[in-house]
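The values are calculated or read from the model by the stated rules, or taken from the named source; none is laboratory data. Fair warning: this is a prediction, and the values are worked out from it, not measured in the lab. Cβ coordinates were reconstructed from backbone atoms using ideal geometry, including for glycine residues, and neighbour counts include every protein chain displayed. Heads up: the accessible areas ignore ligands, DNA and RNA and are worked out on the full protein's heavy atoms, side chains in. Shrake-Rupley method; radii C 1.70, N 1.55, O 1.52, S 1.80 Å.
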Amino acid sequence: MHNIRILNITREIDAIHEMQKMHVDPQGINLMSPKAMDNVIKLENVPLKCALILKQELLARGGEVALPKGAIDLSVENTDVLLIGTRSQYHKLTLKLKQQYFNLSKLGERIENALKCFDRSSWIIKCGTHRLEAGKKTLIMGILNITPDSFSDGGSFCPLSAEDALNQAKRMQDEGADIIDIGGESTRPGAKAVTIEEEKNRVMPIIEKLQGMNIPISIDTYKSDVADAALSAGACMINDISGLRFDPKMADVAAKHKAAVVIMHIKGNPRSMQNNPQYKDILGEIISYLQEGIDIAVQAGIPEESIIVDPGIGFGKTIEHNLHILKNLSELRVFGLPILIGTSRKSLIGDILSLPVHERMEGTASTVAVSIMNGASIIRVHDVQVMSRVAKMTDAIKG
């Protein structure tokens with residue numbers, strides 16, 4: 001079995017669509033879809049005998065279980081399973097599963113752990129010598145791109161104007177930034193790669209200048225050599241668009257420096273990622289990818305208290321993909337880790353509103369508010385003052 005997902009189903013039509021994707025019998029869909037609101041758990045690739053026991057045991061406790069036709073007629077070896085129940089029913093189910101064979105006791109523990117992780121709402125993020133408190137308030141990551149070809153602020157803070165970059169970082173801190181994220185290579189769609197030395201030359205003078213600010217510094221890179229130099233100079237977080245995949249040494253570098261890591265999902269690479277990206281189940285694939293990245297981090301010695309996840313808005317996704325992620329972002333709560341979201345000024349907003357980069361403030365604010373309501377605890381933004389206010393207001397509404 002692979003993913004355990006707690007689905008964001010708030011309308012009957014969402015339940016119908018989910019069951020249709022699983023090829024549940026139409027009569028079963030009609031009976032169960034009205035009951036599938038909240039607390040819907042999807043188990044993927046479960047052995048058939050386990051799926052049938054799950055159905056029997058949850059039905060006995062007043063819940064419902066949706067299975068594909070192939071499971072009902074015993075024509076498949078493994079199947080997806082949709083559990084529909086209350087928290088009390090799930091608790092009774094997991095107690096019963098502890099007495100079962102076929103690894104069902106471990107499955108019960110995983111279901112119980114997934115529900116506990118989903119309910120988690122605050123974290124202390126270990127980030128070098130810094131401790132960031134996320135959840136009680138949304139953390140603001142201010143973007144400082146030291147690149148001549150960034151999609152949004154390319155050239156504004158290039159190495160020749162390091163003093164301007166420093167002043168901008170101080171301004172962001174005054175406006176409410178909790179983290180400064182420094183990048184020396186553009187990762188916009190189609191961007192060209194730069195050498196390790198060029199990237200270091202861009203970011204290192206800035207990182208060295210920021211040491212007196214007493215604010216956590218994140219290095220936005222997928223190259224371990226750049227990360228190692230930045231962390232040695234005082235950065236304490238790695239924001240890796242590849243989710244620790246492009247450079248196999250990255251996780252070890254983070255562990256050595258006791259740095260926090262942002263594990264992001266990407267499909268392809270910045271040069272090719274927007275060439276007709278396709279998914280069978282986008283959130284299922286994102287969750288699998290992030291889980292693999294988390295496993296890489298933990299195996300390297302990075303504690304879970306130093307791990308943040310990011311679904312990678314705009315990185316190998318169409319407009320429809322991005323909107324689906326934002327609407328269902330709460331599914332990432334199953335990790336029990338802080339969720340970072342980066343929508344600031346992105347083409348998703350420009351395409352929907354038909355606006356250029358520097359007129360996407362309102363669109364960004366909308367995506368930020370929705371993301372926070374759906375579980376994001378860190379937002380990565382260009383316009384720190386405005387988005388800090390949006391976050392504060394949304395936090396108050398969310399309670």
Check: Any idea which of SER150, SER224 is of a type outside the set (D, E, K, R), modelled with pLDDT under 95 and surrounded by 16 or more Cβ atoms within 10 Å (Cβ to Cβ)?
Finding: SER150
Notebook entry, point to check: Tally time: how many residues in the range 205-221 are open to solvent by less than 30 Å² (accessible area, probe 1.4 Å) and either in a helix (DSSP H, G or I) or under 22 Å from ILE294 (Cβ atoms) (or both)?
Noted result: 9
Note to self: Among the residues of the range 25-42, are any in contact with a Pro (Cβ under 9 Å, 6 or more places away or on another chain) and over 18 Å from ILE287 (Cβ atoms)?
What the structure shows: yes
Notebook entry, point to check: Only one of (1) more than 25 Å from PHE335 (Cβ to Cβ); (2) open to solvent by less than 30 Å² (accessible area, probe 1.4 Å) is not met by ILE16, so which one is it?
Noted result: (2)
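Taking the conditions exactly as written (open to solvent by 30 Å² or more (accessible area, probe 1.4 Å) and among the aromatic types (Phe, Trp, Tyr)), does TYR101 satisfy them or not?
yes
So if I check each of ILE13, ILE41, which one is β-branched (Val, Ile, Thr) and in contact (Cβ under 8 Å) with a residue 60 or more places away in the chain?
Selected residue: ILE41, the only one of ILE13, ILE41 that is β-branched (Val, Ile, Thr) and in contact (Cβ under 8 Å) with a residue 60 or more places away in the chain.
Is it true that some residue in the range 319-340 is of a type outside the set (A, V, I, L, M, F, W, C), over 27 Å from ILE238 (Cβ atoms), open to solvent by 10 Å² or more (accessible area, probe 1.4 Å) and touching a residue at least 60 places away in the same chain (Cβ under 8 Å)?
Taking every residue of the range 319-340 in turn, at least one turns out to be of a type outside the set (A, V, I, L, M, F, W, C), over 27 Å from ILE238 (Cβ atoms), open to solvent by 10 Å² or more (accessible area, probe 1.4 Å) and touching a residue at least 60 places away in the same chain (Cβ under 8 Å).
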Next item on the list: Determine which member of the set ILE238, ILE294, ILE286, ILE263 is outside any loop (DSSP other than H, G, I, E, B) and surrounded by fewer than 21 Cβ atoms within 10 Å (Cβ to Cβ).
Entry: ILE294
Notebook entry, point to check: Can you tell me which residue in the range 47-65 is least open to solvent (accessible area, probe 1.4 Å), limited to those that are assigned to a strand (DSSP E or B) and closer than 19 Å to SER88 by Cα?
Noted result: VAL65
Notebook entry, point to check: Counting only residues that are open to solvent by 70 Å² or more (accessible area, probe 1.4 Å) and among the hydrophobic types (A, V, I, L, M, F, W, C), which one in the range 362-395 is farthest from GLY190 (Cα to Cα)?
Noted result: MET393
Notebook entry, point to check: If you check every pair at least six apart or on different chains, which have Cβ atoms under 7 Å apart with a residue in the range 252-274 that is small (Gly, Ala, Ser) first and a residue that is part of a loop (DSSP other than H, G, I, E, B) and buried (at least 18 other Cβ atoms within 10 Å of the Cβ) second?
Noted result: ALA254/ILE302; ALA255/ILE302; ALA259/CYS236; ALA260/CYS236; GLY268/GLY316
